[in-house]
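*Asks:* Got a structure for you, questions after.
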Amino acid sequence: MPLQPGTLYAVPMITVLSVAIAAVPLGIARAAIDTAVELAQVKTPGLPSLHGSSLLLRDKPTFQAAVGRAEALLGSARSFLLATVGDLWDEVSSGVAASMKGRAMVRLACTQAAQSAAQAVDLMYNATSLYETSRLERCFRDVHACTQHIATSTDSYELGGRVMLGFDPGRPQF
């Protein structure tokens, strides 16, 4: 039973926290993609004398594909998170308690958001040559740190699967 009136307070705090945590890697992935795209406007991959080309990074089909894939990963992860949060919000707005399945779906979406964001950052990181002071280097380290949080770690896949199969989530603070 919530201590305060309102829909937000009817959602378990651990679920609200998980969504807040999942937003961070999504933002990091957005920054990584934007940084790589900006860099690609002026960067030539490698030295022309060594690789026989002075094409800009943006002109390379492999870079174009990496950007497209990263954008798709980020967009689908964000959409899944927003959809599951919306479904849970609708559920508790109707006056019923947040269901175990709804909470599990949000937790799965949080984990998927972090994992997909890390994949998107990895694509941008690997598609560009880096140096330690690069913004992409920081994005790489930060997004991988985010995937280690309990709210977004891959352990949540098991938790979600347990609930989908009718089992107890196996964690007291779910």
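Bear in mind that the values in this text are calculations on the coordinates, not laboratory data. None of these values were measured; they are calculated from a predicted model. Cβ: placed from backbone, ideal geometry, glycine included. Neighbour counts: every protein chain shown.
*Asks:* Determine, for Thr7, Thr154, the number of other Cβ atoms within 10 Å of each Cβ, and report the residues in order from fewest to most.
*Replies:* Ranked by crowding around the Cβ, least crowded first: Thr154, Thr7.
*Asks:* Let me ask something else about it. How high is the relative contact order of the stretch 10-164, given as a whole-number percent (alpha carbon pairs under 8 Å, six or more residues apart)?
*Replies:* Reported relative contact order: 35 percent.
*Asks:* I would also like to ask the following. Restricting to DSSP H runs of at least four residues, report the calculated mean residue ellipticity at 222 nm for the chain, -39500 (n - 2.57) per run over all residues, nearest 500 deg cm²/dmol.
*Replies:* -22500 deg cm²/dmol
*Asks:* How much space per residue, in cubic angstrom, does the convex hull of the C-alpha atoms of the stretch 53-116 take up?
*Replies:* Convex hull of Cα atoms, per residue: 67 Å³.
*Asks:* Moving on. What is the ratio of the Cα radius of gyration of the chain to 2.2 N^0.38 Å, with N the residue count, to two decimals?
*Replies:* The chain yields a ratio of 1.26.
*Asks:* Out of Ala117, Pro169, Ser134, whose Cα points farthest toward the positive end of the dipole of the stretch 22-174 (charges: +1 Lys, Arg; -1 Asp, Glu; placed on Cβ)?
*Replies:* Most positive-ward Cα: Ser134.
*Asks:* Now, a different point. Mind sorting Cys146, Cys110 by how few other Cβ atoms lie within 10 Å of their own Cβ, fewest first?
*Replies:* Exposure proxy ranking, most exposed first: Cys146, Cys110.
*Asks:* Another question, then. Mind ranking 25-32, 69-76 by how tightly packed they are, going by the mean number of other C-beta atoms within 10 angstrom, highest first?
*Replies:* In decreasing order of mean packing, 25-32, 69-76 become 25-32, 69-76.
*Asks:* Next up: Say each of Glu158 and Arg171 gets a label point 7 Å from the Cα, pointing the same way as Cα to Cβ; how far apart are those two points in nm?
*Replies:* 1.1
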